[in-house]
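> Starting off with a structure, shown below.
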Amino acid sequence: MIDDWTVLAGGSPASLATGAELVARWSEPHRRYHTLGHLAAVLAAAGRLAGDADDPAAVLLAAWFHDAVYDGRPGWDEERSAQLAQSRLPRCGVPAGRVAEVARLVRLTAAHAPADGDRDGAVLCDADLAVLGGPDYAGYAAAVREEYAHVPDDLFAKGRSEVLRRLLAGPSIYRTARAREWWEEAARANLAAELAALAAAQAGGDEPL
């Protein structure tokens, strides 16, 4: 993956060190879903949607940083990841305006709610949520549960259900037309099925996933 990084950030010693740091962060042993596999999937999805972005390079850089700090603390993780981008990218020669855009985009992934007309935000958020409409949704859901293994079943089911309901409540999960065409229908079916399974598990007292 370092080759993908150097295409974006160059091959200077600072860039190579930053790329190695990011790979190490995404490889931390406590991660189950937010791994190098997730990073590769988001980069691939962002690449497919690049034509909808105003600054595709900023979107790809934000993908590299969006969960670079991951401790299972929503909001805090994204903020620390954005701060990491602000610290590392200037050393790699990335212009200040793009650094600011990358940090902004990383923070957006906390809620996946870009403003209307935010083309870069729409692409990054859609790429991050592409897994919802993917063929291995069950594996994704299981890995998320593993990352929250410290949370009791009932509390996890409650919190997870709230997330799923919020995603389903809007007119669409995805912001770009192509993402809606590719993933919306499958994502809604996957989310509804998981929500039903969580409700059944809570009613029956079984494991939520």
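> For Cα pairs less than 8 Å apart in space and 6+ apart in sequence, what is the mean separation divided by the residue count of segment 62-209, i.e. the relative contact order in percent? Walk me through the numbers before you get to the answer.
Numbers: 141 pairs, mean separation 30.2, N = 148.
Relative contact order here is 20 percent.
> Ranked by accessible surface with a 1.4 Å probe, highest first, in what order do Arg88, Arg31, Arg80, Arg98 come?
Arg80, Arg98, Arg88, Arg31
> Next question. Which residues in segment 136-174 have a backbone N closer than 20 Å to a point placed 7 Å from the Cα of Ala193 along the Cα-to-Cβ line?
Under 20 Å, as judged by backbone N against the label point of Ala193, lie 136-146, 157, 160-169, 173-174 of segment 136-174.
> Here's a follow-up. With angles folded into 0 to 90 degrees, how steeply does helix 137-147 sit against the dominant principal axis of the chain? Use alpha carbons for both and round to 10.
Helix 137-147 sits at roughly 80 degrees to that axis.
> Hey, with R₀ at 25 Å, roughly what FRET efficiency would Ile2 and Ser87 work out to, going by the Cβ-Cβ distance, to 0.05?
Once the sixth-power term is evaluated, E becomes 0.80.
> Another one. Which residue fluctuates most in the GNM of the chain (Cα springs below 10 Å): Gly37, Gly159, Gly47?
Top of the fluctuation ranking is Gly159.
> Can you give the FRET efficiency for Arg165 and Ala14, using 1/(1 + (r/R0)^6), R0 = 45 Å, r = Cβ-Cβ distance, to the nearest 0.05? Could the numbers behind the result be given before it?
Numbers: r = 44 Å, r/R0 = 0.97.
Calculated transfer efficiency: 0.55.
> Something else: Give me the angle, in degrees from 0 to 90, between the Cα long axis of helix 76-88 and the longest principal axis of the Cα atoms of the chain, rounded to the nearest 10.
The answer is roughly 10 degrees.
> With each label point set 7 Å from Cα along the Cα-Cβ vector, what nm distance links Asp54 and Ala110?
Taking the two extended label points, one gets 2.2 nm.
> Report the full-extension gain for the segment Asp153 to Ala24: residue separation times 0.36 nm, less the Cα-Cα distance, to one decimal in nm.
Extra length from Asp153 to Ala24 when fully extended: 43.4 nm.
> A further question on this structure: Nearest 500 deg cm²/dmol is fine: what mean residue ellipticity at 222 nm does the chain get from its DSSP H runs of n ≥ 4 alone, each adding -39,500 (n - 2.57), divided by its residue count?
-19500 deg cm²/dmol, from helical runs alone.
> Follow-up. On C-alpha positions alone, give me the angle between the axis of helix 36-48 and the longest principal axis of the chain, in degrees, nearest 10.
70 degrees
The values are calculated or read from the model by the stated rules, or taken from the named source; none is laboratory data. Not measured: the values here are computed from a predicted model. All Cβ positions, even for glycine, are placed from backbone atoms using ideal geometry, and neighbour counts span all protein chains on display. The accessibility values were calculated without ligands, DNA or RNA, using every heavy atom of the protein model including side chains. Shrake-Rupley method; radii C 1.70, N 1.55, O 1.52, S 1.80 Å.
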